[in-house]
1. Set Lys and Arg Cβ to +1 and Asp and Glu Cβ to -1, take the dipole of segment 3-125 about its Cα centre, and tell me which of 36, 48, 81 lies farthest positive.
2. R0 = 25 Å: FRET efficiency of residue 167 with residue 429, Cβ-based, nearest 0.05?
3. Using label points projected 7 Å from each Cα along Cα→Cβ, tell me how many nm separate residue 139 and residue 73, to one decimal.
4. Where does the chain land at 222 nm, in deg cm²/dmol rounded to the nearest 500, when only DSSP H runs of n ≥ 4 count, each adding -39500 (n - 2.57), divided by all residues?
5. Report, by chain and number, residues whose modeled amide H sits under 5 Å from the one on residue 373, excluding near sequence neighbours (fewer than 5 apart, same chain).
6. What does the charge add up to near residue 377, with Lys and Arg as +1, Asp and Glu as -1, over the other residues with Cβ less than 10 Å from its Cβ?
7. Determine, from the Cβ-Cβ distance of residue 189 and residue 370 and an R0 of 60 Å, the FRET efficiency 1/(1 + (r/R0)^6), rounded to the nearest 0.05.
8. Got a sec to turn the phi values of segment 406-417 into Karplus ³J(HN,Hα) couplings, 6.51 cos²θ - 1.76 cosθ + 1.60 with θ = phi - 60°, whole Hz, x for Gly and Pro?
Amino acid sequence: MSSISAIHAMSGVDRFQKLVDTIKDCAIFMLDTEGHVISWNSGAERLVGYSELEILGRHFSCFYTREDIAEGVPEHILNTARQSGHLETEGWRVRKDGSRFRAMVIMDPIFENGTLFGFAKFTRDISLKIKAEQDLLGAREALRNAQRMDVLGRLTSGVAHEFGNLLAVLRSGTERLARADLADQDRSDSQKFLIETIDHATSLTSQLLNFSRGQPLRPEQFDLIDRLLAMRPLLETMLGDSITLKMQLVPELVPVDTDRHQFETAIVNLIVNAREAMIDEIGVKDCVVTLTVGSANEIPEHLASLPPGGSYVTISVSDNGPGINKSILPVIFEPFFTTKRQRSGAGLGLSQVQGFARQSGGDVEVSSAIGKGTTFALHLPRVRRRIVNPIAIDTLPPSYAEDCELSGSVLLVEDNARTADSSLALLEDIGLKTTWARNAEEALTKLQQSEENYDLVLTDVVMPGMSGIALARTIGRRWPQKPVILTSGYSNELAAGHGGELELLQKPYNRKTLLSTLQRHLLAQ
Ligand SMILES: Nc1ncnc2c1ncn2[C@@H]1O[C@H](COP(=O)(O)OP(=O)(O)OP(=O)(O)O)[C@@H](O)[C@H]1O
Ligand SMILES: [Mg+2]
């Protein structure tokens with residue numbers, strides 16, 4: 001008899017038994033209404049270790065761990081299957097030899113003419129699957145850790161490298177200044193050079209803070225198209241004669257609410273990158289950078305971190321340069337990643353762009369093809385409201401000559417004696433009378449004693465005890481007419497958006513910024 005005709009010759013019950021026995025990696029068996037085993041397949045024997053003879057009539061709780069039995073899990077499972085008509089669960093089960101395995105269990109009650117007859121039970125060993133999942137998770141975590149260490153290593157050596165160079169310049173410059181025989185012109189050149197170096201260090205710190213999103217944004221509403229048009233001459237100069245700048249802008253107002261200065265820096269960083277990428281290509285083809293503004297109401301899938309339903313505007317900067325190698329695409333936004341060591345690139349441009357975009361509630365993405373070019377798309381949340389009274393820097397009082405002096409008295413609140421010394425000297429240098437308070441509490445006592453002695457309070461933000469923000473708010477309540485200006489290099493409080501209503505003077509500040517910040521208050525009095 002052929003095997004097919006042998007199967008046909010079997011009764012339905014035999015055929016079913018054959019089927020159930022053939023399944024070797026699953027236990028398929030039946031329980032009576034109380035939970036005693038009344039049928040057993042070879043898969044069950046393989047999985048749990050009991051032969052049919054050994055197990056028939058035994059209560060199915062013998063497959064459960066001692067802890068589960070103590071907690072009444074077997075009864076609970078029977079009751080749930082009985083009441084809900086179906087049960088699927090996962091848990092630890094015990095073999096005949098006492099070893100445990102992770103099981104996926106399905107249990108269904110069997111009814112005959114409406115009466116409960118027993119339960120059908122299906123158990124599968126999923127230990128290997130779980131282990132494979134855990135191994136995969138472990139491998140991913142290990143990879144992530146390795147990547148984190150890699151980024152951290154690059155970051156640390158980048159900071160050490162950049163600041164090491166700057167400190168070397170500052171040291172030799174200061175030593176030079178100390179020389180008595182230095183000619184006046186050399187002294188003035190050295191001073192200028194030192195100041196430029198300090199400014200460079202300041203902008204590096206600010207770029208790093210941007211990346212860590214620790215730099216508080218100073219949001220203002222402005223029209224993006226207006227800004228880009230105003231920046232056009234600057235961008236064209238940056239690109240030079242050999243690269244054409246094309247602008248494709250929508251003919252409407254595109255209001256955004258973000259830090260205008262940071263926005264401009266991000267655009268400049270993208271344009272400079274495009275130029276540097278194409279500069280070697282000159283003569284080979286027509287080099288073009290295209291700046292496009294278009295709405296992006298559809299958020300790309302990989303930017304799912306952006307809140308859905310938001311309205312975004314996309315500013316794209318495309319070049320037809322050499323493109324970016326696939327192998328470095330995942331790391332180009334990391335701080336200090338650069339392929340331009342010879343050109344003394346710091347590798348901070350794109351980290352500023354990304355930090356700014358994310359802190360503004362948007363994101364940036366890149367697409368690139370070797371030999372064809374690169375496009376960076378900056379997505380920023382769009383403001384629905386009409387632009388009301390944009391506070392543009394241009395509308396502030398005209399800047400004053402550097403040798404201008406002010407009059408008045410300033411209460412300086414600063415916990416660091418060295419910083420206080422230099423700030424007091426700078427304040428006195430521009431003609432102001434000064435008083436120093438070491439902390440907020442001391443400042444309040446001084447104001448309490450004679451509030452009219454101080455025309456303005458200039459306070460550090462991070463101080464032991466009461467913070468500068470709390471101090472400014474207290475002064476605002478007690479002496480509402482007293483101008484208070486915060487000054488800080490970095491503060492968690494500011495980065496978290498606190499004190500947004502208060503004026504901030506970014507540290508380190510120079511004479512010019514100090515003067516133009518204070519004059520608005522002192523001249524107004
Ligand atoms: N438009 C582009 N075309 C090709 N490569 C690019 C482009 N923009 C960025 N890159 C690559 O990404 C790297 C990182 O860019 P990023 O702006 O962060 O740093 P950098 O330009 O090297 O230095 P920095 O901007 O601090 O002067 C660059 O070194 C370059 O390899
Ligand atoms: Mg760059």
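1. In segment 3-125, that residue is 48.
2. Working from the Cβ atoms, E equals 0.50.
3. With each label placed 7 Å out from Cα toward Cβ, I get 2.9 nm.
4. Values: 16 runs with 222 residues, N = 525.
Computed ellipticity for the chain at 222 nm equals -13500 deg cm²/dmol.
5. So residue 373 has HN proximity to 323.
6. Here the count lands on -2.
7. 0.85
8. Going residue by residue, I get 10, 10, x, 10, 10, 9, 9, 10, 7, 7, 8, 4 Hz, with x marking Gly and Pro.
Bear in mind that the values in this text are calculations on the coordinates, not laboratory data. Note that the coordinates shown come from a computational prediction; the quantities given were computed from them, not determined experimentally. No Cβ is skipped: glycine too gets one built from the backbone with ideal geometry, and neighbour counts run over all protein chains shown.
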